[in-house]
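Quick notes on the structure that follows.
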Amino acid sequence: MKPVLLAFYNNGPLGTSDLEERFDLINLWNEQDPEAAINSNRDNIVAILCKNENKISRKLIEALPNLEIIATFSVGVDHIDMEAAKERDVKVTNTPDVLCQETADTGLALLLAVARRVAEGDMFVRVGKWHNGNLPLGVTLAGKTIGVVGLGGIGSKVAKRCEAFEMNVVYYGPRKKDVAYPYYDDINKMAHDCDMMILTCPGGEATANLIDANVLEALGSKGILVNIARGSVVDEPALVAALENGTIAAAGLDVFANEPNVPETLISMDNVVLLPHIGSATIETRTLMGQLVIDNIFAHFDGAPLLTEVKI
Ligand code: DGY
């Protein structure tokens with residue numbers, strides 16, 4: 001019998017065939033009773049393959065005495081109990097870098113879609129409204145100030161793209177970086193000084209509800225918010241209220257507090273563009289992510305250094 005890999009996810013376009021050469025796989029999505037499948041293999045499971053929507057809890061980590069590595073097909077690790085992994089000396093790897101450009105592109109797609117009413121315009125043509133008038137005007141990006149929340153790998157690529165659109169970039173984060181963009185250590189102050197804000201920071205406790213009613217108020221009635229980070233970064237009811245009562249103008253959202261559930265009020269609004277968490281979702285990028293998952297798992301069991309270990 002080979003060691004067992006517990007797969008919550010099929011590793012995207014690349015699939016799991018390379019892994020099957022070295023591991024017996026439990027493909028949880030095929031199991032009638034996932035809990036029973038885990039329980040009957042608990043002593044043999046040495047690795048977990050998961051993605052952002054799979055909760056890897058303390059209970060699960062503690063139930064698997066021989067678990068050595070959790071490889072997530074995502075840059076975010078907020079779905080994994082990192083403290084529990086550390087206590088058990090279970091390694092955690094993620095897929096940073098390879099998805100930064102793609103996710104930044106998604107951010108710009110949302111920003112443009114909202115500012116220039118792309119989704120609304122598409123519907124306007126399809127339902128025949130064009131015969132009765134013109135789409136309301138959009139707003140210009142050039143010359144506007146955009147606040148990037150979290151100038152990490154993805155945030156830096158977003159900033160570069162916004163510069164290409166002749167926008168003024170400022171940023172907020174836990175610390176000042178060695179970059180020319182103006183830095184804010186106060187999110188409310190930055191929101192006040194911005195026309196638009198884009199969220200690219202990690203999820204988790206440190207950023208939970210960072211964008212609350214006060215920040216939205218500070219962004220103001222012409223403000224646009226784009227979220228390609230995590231739903232948890234925004235106080236979602238506060239955002240819905242701010243969009244409903246004109247506290248901010250519009251939003252582009254790829255992520256939500258309780259995916260795949262999206263508040264009905266958001267769905268019914270014209271001033272939001274909604275995407276189903278597709279930040280990194282291209283064939284090319286998802287293939288690179290899948291390869292990184294495999295390379296990390298193999299590196300671990302070959303005794304080689306991990307490529308992208310997440311340490312807390
Ligand atoms: C990530 O990589 O964390 C994405 O949000 C999930 O695909």
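Where a number appears in this text, it was derived from the coordinates with a stated rule and is not lab data. Keep in mind the model is a prediction, meaning the values are calculated, not measured. Positions of Cβ are generated from backbone atoms using ideal geometry, with glycine treated the same way; all protein chains shown enter the neighbour counts.
Scan the range 21-37 for residues that are of a type outside the set (A, V, I, L, M) and exposed (fewer than 14 other Cβ atoms within 10 Å of the Cβ) and jot them down.
Glu21, Trp29, Asn30, Glu31, Gln32, Asp33, Glu35
With surrounded by 17 or more Cβ atoms within 10 Å (Cβ to Cβ) and touching a Pro at 6+ places or on another chain (Cβ under 7 Å) as the only criterion, which of Gly173, Gly153, Gly147 stands out?
Being surrounded by 17 or more Cβ atoms within 10 Å (Cβ to Cβ) and touching a Pro at 6+ places or on another chain (Cβ under 7 Å) holds for just one of Gly173, Gly153, Gly147, which is Gly153.
Just for strands (runs of 3 or more DSSP E) wholly inside the range 42-133: which have at least 2 residues that are touching a Cys at 6+ places or on another chain (Cβ under 9 Å) and within 14 Å of the ligand (Cβ to nearest atom)?
69-72
If we keep just the residues of the range 268-287 that are hydroxyl-bearing (Ser, Thr, Tyr) and touching a residue at least 40 places away in the same chain (Cβ under 8 Å), which is nearest to the ligand (Cβ to nearest atom)?
The qualifying residue nearest to the ligand (Cβ to nearest atom) is Ser280.
Quick test for you: out of Asp97, Asp78, pick the one residue that is touching a residue at least 60 places away in the same chain (Cβ under 8 Å) and surrounded by fewer than 16 Cβ atoms within 10 Å (Cβ to Cβ).
Asp97
Taking the condition of being within 12 Å of the ligand (Cβ to nearest atom) and either of a type in the set (Ser, Thr, Tyr) or surrounded by 18 or more Cβ atoms within 10 Å (Cβ to Cβ) (or both), how many residues in the range 243-267 meet it?
3
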